[in-house]
């Protein structure tokens, strides 16, 4: 299920089979969107009532996620207006992301042609990423946040350069 109401730059998606608590899936998706530049300071997150209606979840779950983001200093609630992004985790600019996406899309296409489904692709990518970070001199080998990612809502309309 997804949600994109009133012009929010992201859509939330839930994966009930992931084993990750719902509120944490929402937090992780916002963090991913911040890292990838889909969300920027001043952007509004979907309103609690819209998330509840679209995903059929308890309002307290959404409030818990938004509270966690607020505690981390990433968002701020504005009474009567909603929750807004206050800080970013973006590490690269949109043109750099576009340049990285093109070869990755080609790789995904090759993986699909080789017979991998989405779960197989995620498993392979996670394994390669883990090996990559373990091989680095100070690498711990930990792979964070392979759960869901918030997808840009109509990114081509809102943030040119990422489709």
Scanning segment 15-26 for residues that are within 11 Å of the chain's Cα centre (by Cα) and surrounded by fewer than 20 Cβ atoms within 10 Å (Cβ to Cβ) gives none
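Hey, does segment 86-104 have a residue that's on the phi < 0 side of the Ramachandran plot and in contact with a strand residue (DSSP E or B) (Cβ under 9 Å, 6 or more places away or on another chain)?
Within segment 86-104, one or more residues are on the phi < 0 side of the Ramachandran plot and in contact with a strand residue (DSSP E or B) (Cβ under 9 Å, 6 or more places away or on another chain).
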Restricting segment 81-106 to residues that are at pLDDT 90 or above and part of a loop (DSSP other than H, G, I, E, B), the one surrounded by the fewest Cβ atoms within 10 Å (Cβ to Cβ) turns out to be 81
A careful count of residues in segment 4-15 that are out of contact with any helix residue (DSSP H, G or I) (no Cβ under 6 Å at 6 or more places or on another chain) and either outside any loop (DSSP other than H, G, I, E, B) or at pLDDT below 90 (or both) gives 5
Across segment 31-79, the tally of residues that are part of a loop (DSSP other than H, G, I, E, B), touching a residue at least 12 places away in the same chain (Cβ under 8 Å) and more than 30 Å from residue 95 (Cβ to Cβ) stands at 3
### Query
Is it true that residue 113 is at pLDDT 95 or above and either touching a helix residue (DSSP H, G or I) at 6+ places or on another chain (Cβ under 7 Å) or surrounded by 15 or more Cβ atoms within 10 Å (Cβ to Cβ) (or both)?
no
Scanning segment 116-134 for residues that are outside any helix (DSSP H, G or I) and either touching a helix residue (DSSP H, G or I) at 6+ places or on another chain (Cβ under 8 Å) or in contact (Cβ under 8 Å) with a residue 24 or more places away in the chain (or both) gives 116
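The values are calculated or read from the model by the stated rules, or taken from the named source; none is laboratory data. The shown structure was predicted, so the numbers you read here are calculated from the model rather than taken from an experiment. All Cβ positions, even for glycine, are placed from backbone atoms using ideal geometry, and neighbour counts span all protein chains on display.
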